[in-house]
Amino acid sequence: MKVLVAVKRVVDYNVQVRVKSDGSDVDIANVKMSMNPFDEIAVEEAVRLKEAGKVAEIVAVSLGVKQCEETLRTALAMGADRAVHVETDAELQPLAVAKLLAAVARREQPGLLLLGKQAIDDDANQTGQMVSALLGWGLGSAASRVELSDSVTVTREVDGGAQTVKLTLPAVVTADLRLNEPRFVKLPNIMAAKKKPLEKLTVAELGVDIAPRLKTLKLAEPSPRKAGIKVATAAELVAKLKNEAKVL
Ligand code: AMP
């Protein structure tokens, strides 16, 4: 079986993001970029399924600017077999991403399409849901466990517990934080990844309308929080919650 894994290039999670002074966008000039952490988990899961003999080929796909190649090389170093880059400088909103991923999935015909549950830059948590609807494939979102056979059984993180769903293949699964811990990529694998195939596609070749449907009006940083205080006793805490915060 083939697994297609979607990997997004995002601002590294350690970076403190700043809003541009005119409030039009976030400032990502000279900022460290990395693979979206949930996508690393998705790649790791695909590699583990391959190591368990349940998957024959892993294809990583990324959509966006030229530097997405670096993100794809990381996926290849983690264990993906080949990569597909849909190169564009245009802004890609989740619906456009979902349409492009659906088009790539129709070309590649994977048994499983793996994504992160959300991208840590836009925090949209939409693409997996949209691409499953566009393809008409079942969806197991926010997966904390994936068991693959001639169907896929997904344990989902839901409010107040876990839900298990069984999906016929092909299916879409989005990875949550507790699914696994991605491996540390070793230098020889980084070197080997440079020789793995990376195919380039254009939006025009895929015939997808990527026009943005949403307009960002303004971005603002959250107002600074006041420093906390330490209280000596539980009684003092209750008194403060009652008399000062007035929440009791
Ligand atoms: P979002 O719906 O934006 O929170 O993104 C959810 C998931 O969709 C991400 O974790 C990725 O797996 C995938 N995704 C979003 N944008 C891209 C992109 N430009 N290229 C590849 N995958 C993407």
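Tell me which of these Ala83 doesn't satisfy, since it passes every other one: (1) within 12 Å of the ligand (Cβ to nearest atom); (2) without any contact (Cβ under 8 Å) to a residue 60 or more places away in the chain.
So Ala83 meets the others, but not (2).
Would you point out which residue out of Gly161, Gly140 is without any contact (Cβ under 8 Å) to a residue 40 or more places away in the chain, of a type outside the set (A, V, I, L, M, F, W, C) and over 29 Å from Arg106 (Cβ atoms)?
It is Gly161.
So which residues in the stretch 66-104 are hydrophobic (A, V, I, L, M, F, W, C) and surrounded by fewer than 16 Cβ atoms within 10 Å (Cβ to Cβ)?
Ala90
Please state which one of Glu199, Glu205, Glu181, Glu221 is part of a strand (DSSP E or B), among the acidic types (Asp, Glu) and surrounded by fewer than 16 Cβ atoms within 10 Å (Cβ to Cβ).
One residue alone meets the criteria, Glu199.
Look through the stretch 13-48, keep the residues that are exposed (fewer than 15 other Cβ atoms within 10 Å of the Cβ) and charged (D, E, K, R), and return whichever of them is farthest from the chain's Cα centre (by Cα).
Asp22
I'm trying to understand the selection: among the residues of the stretch 39-66, which are within 12 Å of the ligand (Cβ to nearest atom) and more than 22 Å from Met1 (Cα to Cα)?
Hits for the stretch 39-66 are Leu63, Gly64, Val65.
Considering only the stretch 112-121, I want to know if a residue exists there that is among the β-branched types (Val, Ile, Thr), in a helix (DSSP H, G or I) and either out of contact with any helix residue (DSSP H, G or I) (no Cβ under 6 Å at 6 or more places or on another chain) or within 8 Å of the ligand (Cβ to nearest atom) (or both).
The answer is no, given that none of the residues of the stretch 112-121 is among the β-branched types (Val, Ile, Thr), in a helix (DSSP H, G or I) and either out of contact with any helix residue (DSSP H, G or I) (no Cβ under 6 Å at 6 or more places or on another chain) or within 8 Å of the ligand (Cβ to nearest atom) (or both).
Those residues that are modelled with pLDDT under 95 and over 30 Å from Val26 (Cβ atoms), I need them from the stretch 193-229; list them, please.
Ile229
Given (1) buried (at least 23 other Cβ atoms within 10 Å of the Cβ); (2) part of a loop (DSSP other than H, G, I, E, B), identify the lone condition not met by Ser132.
Evaluating Ser132 over (1) buried (at least 23 other Cβ atoms within 10 Å of the Cβ); (2) part of a loop (DSSP other than H, G, I, E, B) leaves (2) as the failure.
Cβ-Cβ distance below 7 Å, separation of 6 or more or different chains: which pairs start in the stretch 24-41 with a residue that is closer than 14 Å to Ser62 by Cβ and of a type in the set (D, E, K, R) and end on one that is part of a loop (DSSP other than H, G, I, E, B) and within 14 Å of the ligand (Cβ to nearest atom)?
Asp39/Val7; Asp39/Lys8; Glu40/Pro182
The values are calculated or read from the model by the stated rules, or taken from the named source; none is laboratory data. All of these numbers come straight from a predicted model, not from anything done at the bench. Ideal geometry is used to build each Cβ from the backbone, glycine not excepted, and the neighbour counts take in all protein chains shown.
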